[in-house]
Structure formats: C-alpha cells, structure tokens
1. Could you list, in sequence order, all residues of region 21-55 that are of a type outside the set (D, E, K, R), loosely packed, with under 15 Cβ neighbours inside 10 Å and closer than 14 Å to MET1 by Cβ?
2. Regarding region 66-76, can at least one residue be identified that is surrounded by 11 or more Cβ atoms within 10 Å (Cβ to Cβ) and polar (S, T, N, Q)?
3. For region 38-74, how many residues are of a type in the set (Asp, Glu) and either assigned to a loop (DSSP other than H, G, I, E, B) or touching a Ser or Thr at 6+ places or on another chain (Cβ under 9 Å) (or both)?
4. I need the full set of residues from region 24-37 which are without any contact (Cβ under 8 Å) to a residue 40 or more places away in the chain and not in a strand (DSSP E or B), in order please.
Amino acid sequence: MMLIPGLKERPGAECRLIISRVDRVLKAFPEVVFADMNLRLNLLWVSVRARPGVILDIACCMKFHVPEAMLVGPKTS
C-alpha cells in the first residue's frame, strides 16, 4: 500500500499525469497481479506475485517517478 498525499485535491490534469506515472511503473513489473488507486483515500493498493525484493523494487521505482508517494507499512523498532 502506498499513500500519495493530496492527490484528490490536485487539478484534473495533474492528477491524471500522476496516475499515468503510477500506471507506467506498475506495468514495468510482471509480478503485479492487481492494483487499485483509491482517490477518495489517496491510496494505491498493489498485489504482487512472490519474488524476493519485489515490494521494495516497486516502492523505490514509484518513489523515483512519483516522489510524493510513501510506502505504508508496520512501524518496527
């Protein structure tokens, strides 16, 4: 799950540009099985086939192309 703060408040063209970047990143990974962009919550949900490191690979690539995107996960100490 990734959070993209303020996505729904952006102008339509800017929002579509960010969503197209997200789409391009996800299409680059054959392990992606399902993805859903929830604009109401500004959340991107992604399901992947198991491969060691694929989640971090996707998150890093997403962060490069959509810098405001944040990976959501449990807090560990």
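Quick note: the coordinates plus some simple rules give every number you see, no bench work behind them. This is a predicted model, so every value here is computed, not measured. Glycine also receives a Cβ, built like all others from the backbone with ideal geometry; neighbour counts cover every protein chain displayed.
1. PHE34, ASN38, LEU41, TRP45, SER47
2. Checked against the condition, which is being surrounded by 11 or more Cβ atoms within 10 Å (Cβ to Cβ) and polar (S, T, N, Q), region 66-76 yields no hits at all.
3. Number satisfying all stated conditions: 1.
4. Correct list: LEU26, LYS27, ALA28, PHE29, PRO30, GLU31.
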